[in-house]
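Worksheet for the structure shown next.
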Amino acid sequence: MEEDGEGLTVREVGRLVGLRSPGSVVYHLRNLEERGALVRDGKGWRTCRLPC
């Protein structure tokens, strides 16, 4: 995010953590969001960040 000002895509996150299915990545991102570990500033997952 620091390099180009945008967050990773769901597919990029999946590739980095070893998940093939974008649906699996979204499932885990939603879980993290519900627990307060991630915050989304918009509708897409590229807008998620760690809470301050």
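Quick notes
- Of the residues making up the range 4-20, those that are open to solvent by 50 Å² or more (accessible area, probe 1.4 Å) and in a loop (DSSP other than H, G, I, E, B) are 4, 5, 6, 8, 18, 19, 20.
- The set of residues in the range 21-52 that are exposed (fewer than 10 other Cβ atoms within 10 Å of the Cβ) and basic (Lys, Arg) comprises 35, 43.
- Residue match in the range 9-31 (condition: touching a Lys or Arg at 6+ places or on another chain (Cβ under 8 Å) and hydroxyl-bearing (Ser, Thr, Tyr)): yes
- Where a residue in the range 18-38 is of a type in the set (A, V, I, L, M) and its partner, wherever it lies, is in a loop (DSSP other than H, G, I, E, B) and surrounded by 11 or more Cβ atoms within 10 Å (Cβ to Cβ), with Cβ under 7 Å and at least six apart: 25/19; 29/38; 32/38
- Selection count where residues are farther than 17 Å from residue 51 by Cα and not hydrophobic (A, V, I, L, M, F, W, C), scope the range 6-34: 12
The values are calculated or read from the model by the stated rules, or taken from the named source; none is laboratory data. Just so you know, these numbers come straight off a predicted model, no measurement behind them. So basically every Cβ, Gly included, is an ideal-geometry build from the backbone, and we count neighbours across all protein chains shown. Protein only, heavy atoms only, side chains kept; ligands, DNA and RNA dropped before computing areas. Shrake-Rupley method; radii C 1.70, N 1.55, O 1.52, S 1.80 Å.
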